[in-house]
1. Can you tell me how many residues within region 206-221 are touching a strand residue (DSSP E or B) at 6+ places or on another chain (Cβ under 7 Å) and either near ligand 2 (Cβ under 9 Å from one of its atoms) or not assigned by TED's automatic domain parsing to the domain that holds MET262 (or both)?
2. Being touching a residue at least 60 places away in the same chain (Cβ under 8 Å) and either among the aromatic types (Phe, Trp, Tyr) or at positive phi (or both) is the filter here, so list the residues in region 162-204 that pass it.
3. Do you know which residues across region 56-67 are open to solvent by 30 Å² or more (accessible area, probe 1.4 Å) and part of a strand (DSSP E or B)?
4. Say we look at region 232-244 and pick out the residues that are surrounded by fewer than 21 Cβ atoms within 10 Å (Cβ to Cβ) and at pLDDT 75 or above; which of these is farthest from ILE162 (Cα to Cα)?
5. Kindly indicate whether any position in region 343-354 is crowded, with 19+ Cβ neighbours inside 10 Å, part of a loop (DSSP other than H, G, I, E, B) and of a type in the set (Val, Ile, Thr).
6. Six or more apart or on different chains, Cβ under 9 Å: which pairs go from a residue in region 74-99 that's assigned by TED's automatic domain parsing to the domain that holds THR57 and within 21 Å of THR34 (Cβ to Cβ) to one that's open to solvent by 40 Å² or more (accessible area, probe 1.4 Å) and of a type in the set (Lys, Arg)? Could you list them?
7. Quick check on region 201-214: of everything there that is closer than 23 Å to GLU296 by Cα and open to solvent by 10 Å² or more (accessible area, probe 1.4 Å), which residue is farthest from ligand 3 (Cβ to nearest atom)?
8. Looking at region 413-445, which of the residues that are at pLDDT below 80 and β-branched (Val, Ile, Thr) is nearest to ligand 3 (Cβ to nearest atom)?
Amino acid sequence: MKNNRTWANLLPYLLMLPILILLTSMAMSGNSKTLTYGQFIQLLNRKDTTIEKVSLTLSNTVIDVKGTYTDKTGDKIFVVTVPNTEESNNNLVSLLESKVKDGNITFVDAYKTNPLIEALVQIIPLIIVTAVGIYFISRMSGSQNNKAFEFSKSRARLEGNIKVRFTDVAGCDEEKEEMAELISYLKNPEKYAKMGARIPKGILMVGPPGTGKTLLAKAVAGEADVPFYSISGADFVEMFVGVGASRVRDMFKKAKSTAPCMVFIDEIDAVGRQRGAGLGGGNDEREQTLNMLLVEMDGIDDNKGIVIIAATNRPDVLDPALLRPGRFDRQITVSLPDKNGRKAILEVHARNKHFAENVDLAALAARTPGFSGADLENVLNEAAILAVRGNRDKITMEDLDEAIDRTMGGPAKKSRKYTDKEKTLVATHEAGHAVIGLFLEGANIVQKVTIIPRGVAGGYNLMTPKEDSMFLSTKKELLAQITGLLGGRVAEELVLGEISTGASNDLEKVTKIAKDMVNRYGMSEAIGPVQYDSDSGNVFLGRDYTSNKSYSDTVAYEIDQEVRKIVNGCYEEAKAIISEHRKDLDNIVRALIDQETLTKEDLDNIVKYGKVKPETVEENIR
Ligand code: ADP
Ligand code: MG
Ligand code: ZN
């Protein structure tokens, strides 16, 4: 890159070179004296001068005469052009022969030019044009780095001396264990070669965004203390055809020269998509790149100390050829962290922050199911920013609370004013969700409910599952989830006798869960354990758009019936629960309107004592 930079700086000077040459040649011819024909004849007839030498350049119409003569004042160069007629020609030659010393006359063919000059004349315009072209391309491709000549080079960034260690990756214990072997291999490839063991060349890390795939790969390189090449799949794909393939080649060449080392291909789905799929099909740039990747991977000999780790969050679209033995044959799934994992991640990122006494990272971990490592880091960072903004020297639990809410729903819009009617409506809606959460077994627990608008949501309700059930849900839990989501709408209907648009987001989720129950999980009575919905769609179109409909219209009708049955059943249940606990609902609504935000403890108090503050209740009793 640096080299290119200096080249670009030199270009203007290079452009000036031909002009300079032209100028000097003009200046050189300037110190000769141009004579008219008359003066020339005079000169020839003068007695006191001798012509030292002369050269005649004959062309069709004129003769260029160039020569030196000596008179009293010394040597002079003269130039004259005479017409080339036969008469003047003979005349001139005989005149010159008598005049010029020792017959010092040379004849030059006008059409025979200096071959060097001829070559230069042809080459100079070419040089100028290319130079101008290069100059503009390099300017176009951005001022930060001139990629004009580098586009076929791989973009792999070489990072030696990686600072990330396993201790920086929290949770992920199984994944780390799996990687430990790689580290030992990278440290000492010969040991494995001697044993005849073949370590997988390629490892595919699969997992949702932000779960620490990149981090883990770096940590492996850091622990093994080997060079780390990282490149993103998107870097292979460029507007120039053939670039991707040559980049792949270049990257592997580099890697081979520094083995043992690690190559990390992030977002490999950008190049590794199934070949031959998609609209317009055919042999496109991405396929070329993928083919080259496959060829290069096969070209790495076993036990040469090169390990390739790729990461993706869409393993379903990858080309099967990538996954066959000898290529990315080992898959490591990096999943979202569970409660303990979240606590560990929080602790890692809390290392450089100061917290107030009341901060409890375990409680924070319990409140953030579904958060990825990146989300959690973001929460802590947001909280730190909030603390700075509030001029506090320590991060408080309130900062963390607000940071979680921000991460989930955007900043609170405290300035947005509700009308009283709207406030009642939102409070009733949110209280409906809360009541179901409190009284329906299996429903999500309400951790926090607020009527301060956030993002696009009017109010907001932070509900978490009782246990960390990330992997499996029972039918009962799914039904309870639907019931909880419907709680808002039901409360509006029962309490206010009027329904609002506020439930649209809830209904969207409800419909999705109910549909999945029928189509995907086989949880309906009428249809039974059949899966009608499959993901194997076209990889280039949106998944919903292409999910294959492999059933008849009769089945479609039945599915609709079942979905509706599930949702209606839950609706009735929500109605029953809310009617039964109407008193609690009213209390929650009142408290929400009064203080806008209620925590889980507040809700428990309302159920127990009818009020948020138990002290005041006790006072009343006394
Ligand atoms: P991915 O590549 O899976 O999308 P990254 O590895 O880029 O995710 O993670 C983004 C950030 O999230 C990391 O820089 C790190 O700060 C944080 N993070 C994610 N997972 C963890 C973890 N297990 N331990 C510590 N930090 C994590
Ligand atoms: Mg990543
Ligand atoms: Zn709602």
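1. 3
2. The answer is GLY171, CYS172, TYR185, TYR192.
3. Those that are open to solvent by 30 Å² or more (accessible area, probe 1.4 Å) and part of a strand (DSSP E or B): THR57, LEU58, VAL62, ASP64, LYS66.
4. ALA234
5. no
6. Pairs that qualify, where the first residue is assigned by TED's automatic domain parsing to the domain that holds THR57 and within 21 Å of THR34 (Cβ to Cβ) and the partner is open to solvent by 40 Å² or more (accessible area, probe 1.4 Å) and of a type in the set (Lys, Arg), are LYS76/LYS33; ILE77/LYS33; ILE77/LYS66; PHE78/LYS33; PHE78/LYS66; VAL79/LYS33; VAL79/LYS66; VAL80/LYS66.
7. Top of the filtered list is LYS201.
8. Among residues in region 413-445 that are at pLDDT below 80 and β-branched (Val, Ile, Thr), the one nearest to ligand 3 (Cβ to nearest atom) is ILE445.
The values are calculated or read from the model by the stated rules, or taken from the named source; none is laboratory data. Since the structure is predicted, the reported quantities are computational estimates derived from the model, not experimental observations. Glycine also receives a Cβ, built like all others from the backbone with ideal geometry; neighbour counts cover every protein chain displayed. What goes into the accessible areas is simple: the full protein's heavy atoms, side chains included, and nothing from ligands, DNA or RNA. Shrake-Rupley method; radii C 1.70, N 1.55, O 1.52, S 1.80 Å.
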